[in-house]
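Below is one structure; the comments refer to it alone.
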Amino acid sequence: MGKKTVLFDAHQAMGARIVPFGGWDMPLHYGSQLQEHHAVRQGAGMFDVSHMTVVDLTGSRVVEFLRRLLANDVARLQEPGKALYSCMLNGRGGVIDDLIVYFLRNDWFRMVVNAGTTEKDMAWLDSQAPDFGVTVTPRRDLAMIAVQGPMARERALPLLPDNLREAAAGLKAFYAVHADDWFVARTGYTGEDGFEVMLPQSEAVAFWQALAGADVAACGLGARDTLRLEAGMNLYGADMDEETSPLEAGLGWTLAWEPAEREFIGRVPLEAQRDNPDNRRLVGLVLEGRGVLRDGLKVFSGDRLAGEITSGGFAPTLQRSIALARVQSGVGDSCEVEVRGKRLAAKVVRPPFVRHGKARIEL
């Protein structure tokens, strides 16, 4: 038996199929993964993401700490509530985790880390923080609900606390506001607009049920994965890990090289790889014909084994099979994928495949 979020009983009452994920018992779907996917692309859907870990980092040197800890540079965050996506790297330049960090005050940042990496993330934070006098506080008292889709903000706003509603309505993308123990961020993992809401566990069930009453569809891990794949968003443990650098995971844009004197963990080995023309790269694939691209399938460029699919599946919005694949240099705009002993033609594209409900690639 895995750990259960505060919404577990609500999921069961809604007919969820429960599966293990990152040490937690989580809903895979509530009857139709396909319907849940389309609900987010066309209206509004909600996800229980309380299995992820909210971590508060406080102290007079927290900015200095995070500039050392993260590959992206929190010095870019000048406005309260501004969010930053970053990788947290090991000394070899491999990805310990990818995360979002929010600037709240000069002595207070909030971080959200992945469920399956929480234990090692906390150990890493606890090992690095003492040198900077930073206090690391996992907020296990909070639940987290993501509300995503073109109608998500409109349907969620009336249900937010009175003292937060107006500020949340004015949020720009990748910003957050908070009041008391509620925290609302205009962020997400679907390629659609929406909110990620952190709130006291004691209030989570009522908020979830109110969202359901406002025509926000309950969605599980299945739809979350097809939505993030269409949006070209990496999944930790599939598209990157501790043996993979951001340069080979399509995340080079998250590496803040300037100022040159900022010595973030992992910088030295990454600088040695930075301009290497032989670096592998993460690309998008669209299957030309029938079939399904799956994780682990081999990618060929002519007769050469050129790489492997890291995330693959069927894209409901496009009605095609798509994938992310890590390939060697020299792969052009087409390739072949070996599926059940046969080589199938695929187009090489630049993700995302879908953004805000619209195809971003030529089919």
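Bear in mind that the values in this text are calculations on the coordinates, not laboratory data. Not measured: the values here are computed from a predicted model. With ideal geometry, Cβ positions are generated from the backbone for all residues, glycine too; neighbour counts draw on all protein chains shown.
In table form, for the structure just shown:
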quantity: Among N114, N276, N72: highest mean-square fluctuation, GNM of the chain, C-alpha pairs under 10 Å; calculated: N276
quantity: Reach of K347 by Cα under 16 Å, taken over lysines that are not fewer than 8 positions away in the same chain; calculated: K298
quantity: Between segment 195-215 and segment 218-264, the Cα center-to-center distance that results, in Å; calculated: 28 Å
quantity: Charge sum, other residues only, whose C-beta stays under 10 Å from H37's C-beta, Lys/Arg counted +1 and Asp/Glu -1; calculated: -1
quantity: Global form of the chain, assessed from the alpha-carbon gyration tensor, a/c cut-off 1.5; calculated: oblate
quantity: Table column - 3J(HN,Hα) (Hz), segment 9-20, Karplus curve with 6.51, -1.76, 1.60, x for Gly and Pro; calculated: 5, 5, 4, 4, 5, 8, x, 5, 8, 9, 9, x
quantity: Segment 1-123: C-alpha gyration tensor shape, a/c 1.5 cut-off, then a/b vs b/c; calculated: prolate
quantity: Rounded, prolate or oblate (a/c below 1.5 giving rounded, otherwise prolate when a/b exceeds b/c) for segment 268-363 by Cα gyration tensor; calculated: oblate
quantity: Counting all C-alpha pairs of segment 78-197, share separated by more than 23 Å (%); calculated: 35 percent
quantity: Projected area averaged over orientations for segment 316-363, convex hull of C-alpha atoms, nm²; calculated: 4.0 nm²
quantity: Ascending count of other beta-carbon atoms within 10 Å, so fewest first, for L69, L229; calculated: L69, L229
quantity: Whichever lysines have a C-alpha closer than 25 Å to that of K82, once near sequence neighbours (fewer than 8 apart) are set aside; calculated: K172
quantity: For segment 1-43, convex hull volume per residue from C-alpha positions, Å³; calculated: 81 Å³
quantity: Kyte-Doolittle mean at least 0.5 and Cα axial length at least 27 Å: DSSP H helices in the chain; calculated: none
quantity: Over 14 Å [Cα-Cα, segment 152-203], rounded percent; calculated: 45 percent
quantity: Highest-fluctuation residue, M46, M122, M198 considered, GNM on the chain with Cα pairs under 10 Å; calculated: M122
